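K.L.:
Please read through the structure below; I'll follow up with questions.
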Amino acid sequence: MEKATLCNTDAEVCEYRAAYLVNLSLNCLTIALNIIHIILMSKLANSKKTTYFWILINMSLTDIMVSATYGVLVSCVVNRAVYKLPRSSAEYFLRTRAAMTLAITAIRNFVLAIASYERYVKICTPLEVENNKLLNHLGWSMTVIWVVCYGLTIPAYVTDIEDICFGDFTLSGKLGLQNIFVSMLLLTVPAVITFTCLFKVWRELKRIIERDATKDGSLEAQIAGRYVLLVCLLFYFSYAPQILATILNYFRYISLDTVKVLNWVSVLSQSVYGTLNIIIYVSMTKGYRVHVLTIISKTLRCRNILHTSESTVTPSP
């Protein structure tokens, strides 16, 4: 039975065990916090009527999916199990895993693009909000994004990669033309939309600050605009190590260890992004922060009452 080939014959599977454990912990924390975040958000009845609410929910859902996908991507247990498979089965798994990773990354990009566009419409063209077809049919828009991203990446990656070998994170192989086209399309289009909208939002927010902010729209809309601006910039900044690693990987005089370190920095940055996203939202949104603190206070009060009542009960003789 022919086994999968290592990209680096000097390396071993699960070479960086400490990094695996840190990544696993960060992904579990992000998943748990985002689930709690969705539950707490769902208790805000008035917010469910707004487009911004559903964009935040989709952002949390994609953060959960990304953490789960990246957890599988660098899972020591999964990598060892796959490496023991026959070569054909291991290659099929690596192709599929790479496709799923690209798909969920593209989905997160598109969700942030829609978030940026929604803030642009809300802040820069507030009179057109009610007639905006994309925002009025947000559910369908999100469904199309999920279907298209998975529908394009899975066929492209499963059928159009050669010279596959077993690496630290995912397959390393020769990408075909259709694969390169799909990857560039899914990553470039949302990035252009995001930065275009964010630039216009930033410019409008700057104008509002220069004037009397209390007379220009809703202060909450402005805060939401700053939040989306910050998390989008943080998101794309977190990809800088991965982009640098990809470029340096084509230069033979750059050591493989340097590329590996950059890859790990990128993976860990993506793992912690979902947690930072929630921390930033809570710190910037006073109403939601009060909502969270109120629920925590009520929970602790109920626990204290329950504990007090149990301690005062006289046991039966």
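K.L.:
Kindly rank 153-159, 202-208, 105-111 from highest to lowest mean number of other beta carbons found within 10 Å of each residue. Show your work: numbers first, answer last.
P.N.:
Details: 153-159: 19.0, 202-208: 15.1, 105-111: 24.0.
So the order, starting with the most tightly packed, is 105-111, 153-159, 202-208.
K.L.:
Using the Karplus equation 6.51 cos²θ - 1.76 cosθ + 1.60 (θ = phi - 60°), what ³J(HN,Hα) coupling, rounded to whole Hz, does each residue of region 22-36 give in order, writing x for Gly and Pro?
P.N.:
Residue by residue, region 22-36 yields 4, 4, 4, 5, 5, 5, 5, 5, 4, 4, 4, 5, 6, 5, 4 Hz.
K.L.:
Which pairs, out of LYS49/LYS286; LYS43/LYS206; LYS49/LYS133; LYS43/LYS200; LYS43/LYS298; LYS133/LYS286, put more than 26 Å between their alpha-carbon atoms? Let's see the in-between values first.
P.N.:
Details: LYS49/LYS286 19 Å; LYS43/LYS206 33 Å; LYS49/LYS133 16 Å; LYS43/LYS200 32 Å; LYS43/LYS298 14 Å; LYS133/LYS286 30 Å.
Result: LYS43/LYS206; LYS43/LYS200; LYS133/LYS286 exceed 26 Å.
FYI, it's all coordinate maths here, none of it is from the lab. Not measured: the values here are computed from a predicted model. Using ideal geometry, Cβ is built from the backbone for each residue, glycine included, and neighbour counts are taken over all protein chains shown.
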